[in-house]
Amino acid sequence: MISLLAYVGIGIAALLLYKLDKLTASGMWAACVVGWLTIAGVGVGGLVVIAVFFGSSIVWGRLDSSKVDVDVVAKHGARDAWQVLANGGIAGLCSLLAWLFPGYAAFAFAGFIGSLAGATADTWASELGKYSREKPIHLLTLKRVSPGVSGAVSALGMAAAFAGSFLVAATAILLWWRYTPLSHIWLLVYSAIGFLANLADSLFGAAIQVLYRCPVCGLETERLNHCGEKTEKIKGYRLATNDTINFICTFTGAVLGVLAVALIGR
C-alpha cells in the first residue's frame, strides 16, 4: 500500500513541478520514470535522497536568478528530460539493477548514492560558486576566467560542492546505515565521492565541452544562436553539451561508489 501511494505521489509531485514551471512536459515524464524506478529498486528512502538533491537545487536556483547569464548557458529555467536524465538517470538505472539483481544490491545502492552525491555537488558548486568575489580558475589553463565558463572552479564553488555531497551522504547514512560501525567512514567516503565526481565534471567540461562564439558580438556561449545569427564552434565536441558533462559527473560518482564497496566491503 505504501509503495502504491509512493508511485502515485511521484506522479502528483512531477505534475506539480510542471505546473510551477520547474519541469517541462518531457522533464515531468522523465522525473516520473526515475522516481518509479527508485521506488522499485531502492525504496522510499531513495526518494528522500532525490528530494534532497532536487529540493536544494530549486532553493539555490531561486536565490538570485539574475546571476544566471542567459546569453552564455544553453538551457535555463524549467528542466527538460535530458537535464533530468543527466542528473538522475544513472540513479534510476542503479535502482533498476538493484531490483533485477538483489544479490548485488549493495553495489547498486552505492552507485545510486554516489551518482546523486555527484549531481548535488555539481549543482551546489554551480549555483553557489556564482557568488564568489574572485573570478574562477580554469582547470587546464590555470588562468582566471569569467564566471560561468565551463571547466573553471573557485574556492567557494569547491566548498559548496563538498557541502552538497556531504548533505547527500549524511542523508543516506541516516536512512540506511546510522547504526553500522563504519557509518562515519562511509559518510566521509560518499562525501569525497561526490566531490571527486564534481571535479571530474569540471575537468571534462574544460577538456571536451562544446563552446561557440557569436559572429556578431564575439561572446563565447553554449548557445547555437546569438544576436540572431548562428554561432561558430571554437572548441570541444558538438555532442559534449552541458547535459553530457553532467551525465559524466553522475556516472563517475556511481562508478566510484561501486569501487568503494568493492574495496571497503559491504
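Points worth noting:
- Given (1) in contact (Cβ under 8 Å) with a residue 24 or more places away in the chain; (2) in contact with a Cys (Cβ under 8 Å, 6 or more places away or on another chain); (3) open to solvent by 60 Å² or more (accessible area, probe 1.4 Å), index of the condition H226 fails: (3)
- Top-ranked residue of the stretch 207-221 - restricted to ones that are more than 17 Å from the chain's Cα centre (by Cα) and not in a loop (DSSP other than H, G, I, E, B), ranked as nearest to K233 (Cα to Cα): Y212
- Tallying residues that are under 30 Å from L224 (Cβ atoms) and either in contact with a Gly (Cβ under 9 Å, 6 or more places away or on another chain) or not in a helix (DSSP H, G or I) (or both) within the stretch 88-115 yields 6.
- Checked across the stretch 37-44, the condition of being assigned to a helix (DSSP H, G or I), surrounded by 19 or more Cβ atoms within 10 Å (Cβ to Cβ) and of a type in the set (V, I, T) holds for at least one residue.
- Taken over the stretch 155-209, residues that are touching a helix residue (DSSP H, G or I) at 6+ places or on another chain (Cβ under 7 Å), over 18 Å from T250 (Cα atoms) and among the hydroxyl-bearing types (S, T, Y) amount to 1.
- Within the stretch 138-164, residues that are surrounded by 18 or more Cβ atoms within 10 Å (Cβ to Cβ) have Cβ atoms under 6 Å from residues that are charged (D, E, K, R) and modelled with pLDDT under 80 in these pairs: G148/D69, counting only partners at least 6 apart in sequence or on another chain.
Results for (1) surrounded by fewer than 18 Cβ atoms within 10 Å (Cβ to Cβ); (2) out of contact with any Gly (no Cβ under 6 Å at 6 or more places or on another chain); (3) outside any helix (DSSP H, G or I); (4) not aromatic (F, W, Y), shown as yes or no for each residue.
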| position | (1), (2), (3), (4) |
| --- | --- |
| T120 | no, no, no, yes |
| Y131 | yes, yes, yes, no |
| H184 | yes, yes, no, yes |
| A200 | no, yes, no, yes |
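- Filter pass, A260 being among the hydrophobic types (A, V, I, L, M, F, W, C) and crowded, with 19+ Cβ neighbours inside 10 Å: yes
The values are calculated or read from the model by the stated rules, or taken from the named source; none is laboratory data. This one's a predicted model, so the numbers in the text were calculated from it and none came from an experiment. Because the Cβ atoms are built from the backbone with ideal geometry, glycine has one as well, and the counts that use them run over all protein chains shown. The accessibility values were calculated without ligands, DNA or RNA, using every heavy atom of the protein model including side chains. Shrake-Rupley method; radii C 1.70, N 1.55, O 1.52, S 1.80 Å.
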